[in-house]
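The values are calculated or read from the model by the stated rules, or taken from the named source; none is laboratory data. Predicted model, so just to flag it, every value in this text is computed and none were measured. So basically every Cβ, Gly included, is an ideal-geometry build from the backbone, and we count neighbours across all protein chains shown. All accessible areas refer to the heavy atoms of the entire protein, side chains included, with ligands and DNA or RNA removed. Shrake-Rupley method; radii C 1.70, N 1.55, O 1.52, S 1.80 Å.
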Amino acid sequence: MKLNTNTLLSLTAMLVSVLTLVIFIYQTNLMRKQNYISILPYVQFAERNHSSGNVYELSLKNHGIGPAILESVQMIYYGEVESLTTYDNSIVTYLKSKNSALDSLDNFTFSTLNPGIAIPANQSYSFLKVAESAKDYTLITDAIAELLADGLEYKIVYKSIQDERWQIRSNRPSQGPEKLE
């Protein structure tokens, strides 16, 4: 069988096209893997306690790369595990239910910890702040210290935009986030 120039040129063009497609698929796969490993939110619980300014603040800080999306918050007290959704995702409502002295708390701001909240990389999400009141500062710090002494703990589960999941726990702060399957 004799190949003319047009047939040879056509076969070469097809071979180049197929090789280009294979290289494109390979590069796309590499970029997807690189993107997957480069998105790693790293959330930590943060407590700011400035007695001289009467400021007490609780927040979540994302030190990682990519947003952290809150999935759930569980509170553990005296061994009883409760979802924060039971308390309208409000840490203030939860704390007041465990320590009635907090009912007289006046000067505070709070945000809910609703599932789906995204914390951008290198940003904080403040969910409780008491400021400008010595009475309320003392009230909140004493109440939280008492609750912690009685065994108050938390577990927060969050995910990346690629649905990788992690949890942080108050009884393991030095371990950092724990990857979930």
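Just how far, in whole angstrom, is the stretch 102-144 from the stretch 19-77 if you go by their alpha carbon centroids? Here the two parts' Cα centres lie 22 Å apart. May I ask you to give the percent of accessible area on the stretch 46-181 that is carbon plus sulfur, with a probe radius of 1.4 Å? Using a 1.4 Å probe with all protein chains present, the stretch 46-181 comes out at 47 percent carbon and sulfur.
List the chymotrypsin sites (Phe, Trp or Tyr not before Pro) within the stretch 18-127 that fall in a DSSP loop (any state other than H, G, I, E or B) and whose Cβ has at most 12 other Cβ atoms within 10 Å.
Taking the stretch 18-127 and a limit of 12 other Cβ atoms within 10 Å, the loop chymotrypsin sites (Phe, Trp or Tyr not before Pro) found are Tyr78.
For the chain, the solvent-accessible area of protein heavy atoms averages 61 Å² per residue (probe radius 1.4 Å; ligands and nucleic acids excluded).
Rank these residues by their accessible area, most exposed first, probe 1.4 Å: Ser133, Ser100.
On the way: Ser133 15, Ser100 85 Å².
Order by accessible area, largest first: Ser100, Ser133.
Where does the chain land at 222 nm, in deg cm²/dmol rounded to the nearest 500, when only DSSP H runs of n ≥ 4 count, each adding -39500 (n - 2.57), divided by all residues?
Roughly -11000 deg cm²/dmol at 222 nm, from the helical runs in the chain.
In straight-distance terms, cross-link reach from Lys179 covers every one of the lysines whose alpha-carbon lies under 25 Å from its own, apart from those fewer than eight places away in the same chain; here that gives Lys33, Lys61, Lys155, Lys159.
Suppose every K and R has +1 on its Cβ and every D and E has -1 on its Cβ; what is the size of the dipole of the chain about the Cα centre, in Debye to the nearest 20? Intermediate results must be reported in sequence, preceding the final value.
Values: 15 positive and 18 negative charges, 245 e Å.
Roughly 1180 debye for the chain.
Each Cα pair under 8 Å and six or more residues apart adds its sequence gap; the mean of these over the residue count of the chain is a relative contact order of 24 percent. Which option, (i) 26.1, 98; (ii) 15.7, 52; (iii) 18.2, 61, is the value of Rg and Dmax of the Cα atoms in Å that was calculated from these coordinates? Here Rg and Dmax of the Cα atoms in Å agrees with entry (i). When the chain is described by a simple charge dipole with +1 on each Lys and Arg Cβ and -1 on each Asp and Glu Cβ, the residue from Gln123, Ser52, Thr138 located farthest towards its positive end is Gln123.
Hey, if we sort Thr5, Thr20, Thr112 by accessible area with the 1.4 Å probe, largest down, what's the order? Mind showing how you got there, number by number?
Numbers: Thr5 110, Thr20 80, Thr112 40 Å².
The ranking, largest first, comes out as Thr5, Thr20, Thr112.
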